[in-house]
1. Confirm whether Phe30 is assigned by TED's automatic domain parsing to the domain that holds Ser213, part of a helix (DSSP H, G or I) and over 30 Å from Lys232 (Cβ atoms).
2. Going by what's in this entry, would Arg178 be described as at pLDDT 85 or above and out of contact with any Phe, Trp or Tyr (no Cβ under 8 Å at 6 or more places or on another chain)?
3. Here is a check on your reading of the model: is Ser58 in the same structural domain as Gln199 (by TED's automatic domain parsing) and closer than 30 Å to Ile8 by Cβ?
4. Can you tell me which of Glu34, Glu57, Glu71 is modelled with pLDDT under 95 and over 24 Å from the mean Cα position of the chain (by Cα)?
5. Considering only residues that are within 30 Å of Ile139 (Cα to Cα) and in contact with a helix residue (DSSP H, G or I) (Cβ under 7 Å, 6 or more places away or on another chain), which ones fall in segment 92-115?
6. Do we have Glu131 as charged (D, E, K, R), part of a helix (DSSP H, G or I), at pLDDT 85 or above and over 30 Å from Ala204 (Cβ atoms) here?
7. Pull up segment 119-146, narrow it to residues that are within 17 Å of Asn185 (Cβ to Cβ) and of a type outside the set (A, V, I, L, M, F, W, C), then point me to the one that is surrounded by the most Cβ atoms within 10 Å (Cβ to Cβ).
8. Take the residues of segment 210-235 that are surrounded by 18 or more Cβ atoms within 10 Å (Cβ to Cβ) and over 18 Å from the mean Cα position of the chain (by Cα): which is nearest to Gln195 (Cα to Cα)?
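The values are calculated or read from the model by the stated rules, or taken from the named source; none is laboratory data. Treat the numbers as computed from the prediction; the structure is a model and nothing was measured. Virtual Cβ from ideal backbone geometry, glycine too; neighbours counted across all protein chains shown.
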Amino acid sequence: MEKVNKKITELVANNPDSASVLHFLGIHYFNYTEQTLGEVCQQQGLDAALVMRRLNESAQLRDKTQINLEEYPIELIVEYLKHSHYVFIKQRLTYISSLLDNYQDSSAIVKDLKLIFPHFFKDFVEHVYDEEDTLFAYILILRKLQQSKQKITDSQLLEKIQQKVQGKTIAHFAKEHREEDNEMNGMRELTNQYQHTNQNDLHAKVILDALKSFEGELKIHAKIENDILFPKAQQLEQEVLSISHS
């Protein structure tokens, strides 16, 4: 119960990730600079034991190793990646956006981030939805064809596939994906690798740590697509095309 008696800002300073957990429990740490966790829970009508359990669970989840997606069928891998997209947009980026909107201090870097982040957010959402509507949709069509052993002879089906992929193969998608610039390059360069220039500015530290953590998740996501999804999808595409040409 030691955490209950600590100031919210002390908990966040010791573990910036805790700010995200508190955020989704309705506690915006920057509004409670002088209050303890117990005091805030009482004020908000929250069960302090439940809040502490969520904080501990979050720390444990981050320590767990990545599940082995290679063992799963491709449609489940696609669903896993789509769920990751949802988490990125509805949780990670929405949280960072809230942190930036509520920043009141004087950091020039954070002020610049407040200007460029909305554009990054918009571009990221468009990229995600485009990937789901083209690549993922194509993979799921191929999977259905594989399961039904159906040849691609129906003209309407051919037209539907061509509309989804604009004439591209999985190899084209894979090449484009590997050649894409890291979406976070601009913000990483602006913040000098997410370095905290003012250790007394806790809010800026939380923002930069959240961006760094998000980039780490993006790298894992991209690795899953490059190392697992694309090889499986290419094999699937070849199998479906071989059935159609037989």
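1. Numbers: assigned by TED's automatic domain parsing to the domain that holds Ser213: no; part of a helix (DSSP H, G or I): yes; over 30 Å from Lys232 (Cβ atoms): yes.
Taking the combined requirement at face value, the residue does not satisfy it.
2. On the way: at pLDDT 85 or above: yes; out of contact with any Phe, Trp or Tyr (no Cβ under 8 Å at 6 or more places or on another chain): yes.
For Arg178, the condition - at pLDDT 85 or above and out of contact with any Phe, Trp or Tyr (no Cβ under 8 Å at 6 or more places or on another chain) - is met.
3. Details: in the same structural domain as Gln199 (by TED's automatic domain parsing): no; closer than 30 Å to Ile8 by Cβ: yes.
So Ser58 fails the test.
4. Details: Glu57 fails: over 24 Å from the mean Cα position of the chain (by Cα); Glu71 fails: over 24 Å from the mean Cα position of the chain (by Cα).
Of the residues listed, the single one that is modelled with pLDDT under 95 and over 24 Å from the mean Cα position of the chain (by Cα) is Glu34.
5. Keep residues of segment 92-115 that are within 30 Å of Ile139 (Cα to Cα), which gives 92-94.
Matches in segment 92-115: Arg92, Leu93.
6. On the way: charged (D, E, K, R): yes; part of a helix (DSSP H, G or I): yes; at pLDDT 85 or above: yes; over 30 Å from Ala204 (Cβ atoms): yes.
Here the answer is yes, as Glu131 does meet what is asked.
7. The first filter runs over segment 119-146 and keeps only residues within 17 Å of Asn185 (Cβ to Cβ), leaving 119-124, 127.
Now narrow it down to the ones that are of a type outside the set (A, V, I, L, M, F, W, C): 119, 122-123, 127.
Working: His119: 10, Lys122: 10, Asp123: 11, His127: 13.
That would be His127.
8. Phe230
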